[in-house]
Structure formats: C-alpha cells, structure tokens
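Visitor: Let me give you the structure first, and then I'll get to my questions.
The numbers here are math on the coordinates, done by the rules we state, and not lab data. Model, not experiment: these values are computed from the prediction. Don't worry about glycine lacking a Cβ; one is built from the backbone with ideal geometry, like all the others, and counts go over all protein chains shown.
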Amino acid sequence: MPSHAEQWIRTSMRTPGIFIFGMVLAPCGWILNLTATVAPNWRTINTIALLPVDTFLQQGIWDICKTSSSSQVNQCNQKDEAYFNNQIIAVAQGLMVASLILTLIGLATATPGVRCWKDRPNWTVAGLGGMLIFLSGVLTIIPIAWYTHIFKDIAASSTDIRVGYCIILGYIGGIFELLGGLVMFIGICRCCGGKNRGETRISETTAHFRNTKPPPRRIEVPSIARTRSSASSVPYSKDSMEDEADFPRAKSTSYGGRRPAYDVDL
C-alpha cells in the first residue's frame with residue numbers, strides 16, 4: 001500500500017513559544033540599536049590638549065559633542081574631518097541604518113504569520129520574518145565589532161580613549177535580534193518531534209486515546225438510614241421501660257393467668 005504523508009495536529013491554540021520569544025526580543029533589540037545609531041558616544045576622548053581637564057569629547061558616527069563634567073553642557077556639531085573620513089564611519093552609518101530598516105521589515109513580515117487567532121500559524125511567513133530579523137542583527141554586529149577592534153587606531157587628539165556606551169548597546173541589541181530571529185526561523189521546519197511547533201502526530205494522538213481506559217464510574221448509593229425520633233414505634237422491652245421510669249410502680253400479681261392492671265399510688 002502506498003505510504004501516506006504524516007499528518008500533524010497542534011495540541012494548543014496558544015501562540016507558539018518560539019514566536020513569542022522572537023517577537024519580544026526583536027523590538028527590544030531595535031530600540032537599543034536605534035539608540036546606538038543616533039547617540040554620539042561610540043568612543044570618549046579625555047585629557048585633550050589646550051582644553052580644561054574636565055572637558056572630554058564624545059564621538060559617534062553622525063556627530064561629535066564636547067562636554068564638561070563641571071557644567072554638564074553639551075556642545076555638539078563639532079568639526080573633525082580626520083575622524084569622519086575614516087572608512088569605518090561611512091560603513092557603520094550605512095549598516096546601522098540598513099539594520100534598523102530590515103528589522104522593521106522583518107517584524108512586518110512575521111506579524112501575519114504569528115497571528116494567534118488562527119488554528120495554525122503560517123510557519124513559512126513567520127520563518128521568513130525571523131530570517132530578516134536575524135540578518136538585521138548581523139548588520140548591527142559587523143560595524144560594532146569592527147569599530148571596537150580599531151577604535152584606538154582612529155585619528156584622535158589624545159591618547160586617553162575609552163569605549164562609549166553605544167558600543168555596549170549595539171552589542172546587546174544585535175544579540176537580541178540574532179537570537180530572536182534565529183528562534184523564529186527554526187519554526188520554518190519541523191524538528192524535535194514537532195515540539196518546536198507544539199504539534200504531534202495524529203497517529204500518536206489516536207493511539208494514546210485508544211490505550212487510555214476511562215476511569216471506573218462511581219455510583220452514588222443513597223443512604224436509607226433514619227434517625228430515631230422520640231416518638232418511635234419500635235417496641236421496648238419491659239425491663240428497659242421499668243429501668244427508665246422515673247416514678248414508683250406497684251407490684252404486679254397475677255390472678256388466674258390474667259394480668260391485672262397496675263395501681264399507681266399518686
């Protein structure tokens with residue numbers, strides 16, 4: 001007989017956990033990458049000649065700001081042609097913007113496939129969105145890692161150079177997108193016995209119900225016991241009645257086999 005393709009069934013109507021994981025991490029990573037892109041703090045230059053000691057420069061990929069720790073006033077739009085002419089700056093600008101756009105496209109693609117109000121999600125569409133989110137994470141990690149590797153070699157007016165917070169945010173955001181996109185892409189193929197999709201084979205489900213015996217039915221038998229009232233008609237023995245009497249009784253005598261009536265002296 002020809003073998004039929006295995007049929008699978010979802011055991012839960014809830015959104016698969018891999019989609020929830022990806023749809024939470026991807027927006028978080030996008031926000032972190034957006035901050036890393038626009039904030040001017042990829043590196044910090046301290047102890048600059050001809051400037052006060054508490055003055056330092058914050059350099060990003062779009063702008064440079066001069067800040068003083070005593071006044072906390074930022075003077076942005078600083079000119080530094082030698083810094084912006086470096087190849088890494090132009091590459092970082094293009095890749096970071098492309099990563100932000102690609103993340104939005106990936107989320108827009110994955111959303112119709114993740115819809116939880118349907119019987120079965122569209123695994124292909126959601127997996128494609130996860131792949132785009134994964135690629136956006138790659139586009140973020142490349143310039144961040146490259147800049148971190150050569151940030152001390154880029155032309156600067158001082159040797160006291162430190163990594164800025166944008167590098168840390170970029171790493172975290174890129175990793176979020178890599179993990180979220182990869183986990184969502186796993187749903188495009190069925191693996192781990194269908195557990196990644198929350199599915200099980202119809203044949204296994206049928207066999208389970210066949211082998212499962214229903215529990216014995218419990219029959220409630222009504223109780224016929226009744227409480228004895230004070231006006232019960234159950235006869236008592238003579239001795240027990242005499243013992244329980246709380247007034248004196250006359251002695252009984254029998255005349256000719258007949259039982260005379262009791263005379264009670266009240």
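Visitor: If I stretch the segment between residue 162 and residue 49 completely, what's the gain in nm (0.36 nm per residue apart, minus their alpha carbon distance), one decimal?
Guide: On the way: separation 113, 0.36 × 113 = 40.68 nm, distance 1.66 nm.
Going from the current span to full extension adds 39.0 nm.
Visitor: Ok, one more. Run the numbers for residue 38 and residue 111: contour at 0.36 nm per residue of separation, minus the present Cα-Cα distance, in nm. Let's see the in-between values first.
Guide: On the way: separation 73, 0.36 × 73 = 26.28 nm, distance 2.67 nm.
Full-extension gain reported as 23.6 nm.
Visitor: Just to check I understand the Karplus step: with θ = phi - 60° and J = 6.51 cos²θ - 1.76 cosθ + 1.60, what whole-Hz values come out for the range 129-143, glycine and proline as x?
Guide: x, x, 5, 5, 5, 4, 5, 5, x, 5, 5, 7, 5, 4, x
Visitor: Going by amide H atoms built from the backbone, whose H comes under 5 Å of the H on residue 64, apart from near neighbours?
Guide: Here 77, 78 satisfy the definition.
Visitor: Using unit Cβ charges (K, R positive; D, E negative) and no other charged atoms, how large, in debye to the nearest 20, is the dipole of the range 53-182 about its Cα centre? Walk me through the numbers before you get to the answer.
Guide: Details: 7 positive and 8 negative charges, 92 e Å.
Using Cβ point charges on Lys, Arg, Asp and Glu, the range 53-182 gives about 440 debye.
Visitor: When Lys and Arg each count +1 and Asp and Glu each count -1, what net charge do the other residues less than 15 Å away from residue 43, Cβ to Cβ, add up to?
Guide: Details: positive: 66, 152, 162; negative: 63, 80, 153, 160.
That sum, taken over residues with Cβ under 15 Å, equals -1.
Visitor: Residues in the range 126-141 near a label at residue 97, defined as backbone nitrogen under 17 Å from the 7 Å Cα→Cβ point?
Guide: 139-140
Visitor: Let me ask something else. First obtain the Kirkwood hydrodynamic radius of the range 133-174 from its Cα pairs, then insert it into the Stokes-Einstein equation at 10 °C and 1.306 mPa s, and state the resulting D in µm² per second as a whole number. Mind dumping the intermediate values first?
Guide: Details: Rh = 11.2 Å.
Approximately 142 µm²/s, per Stokes-Einstein.
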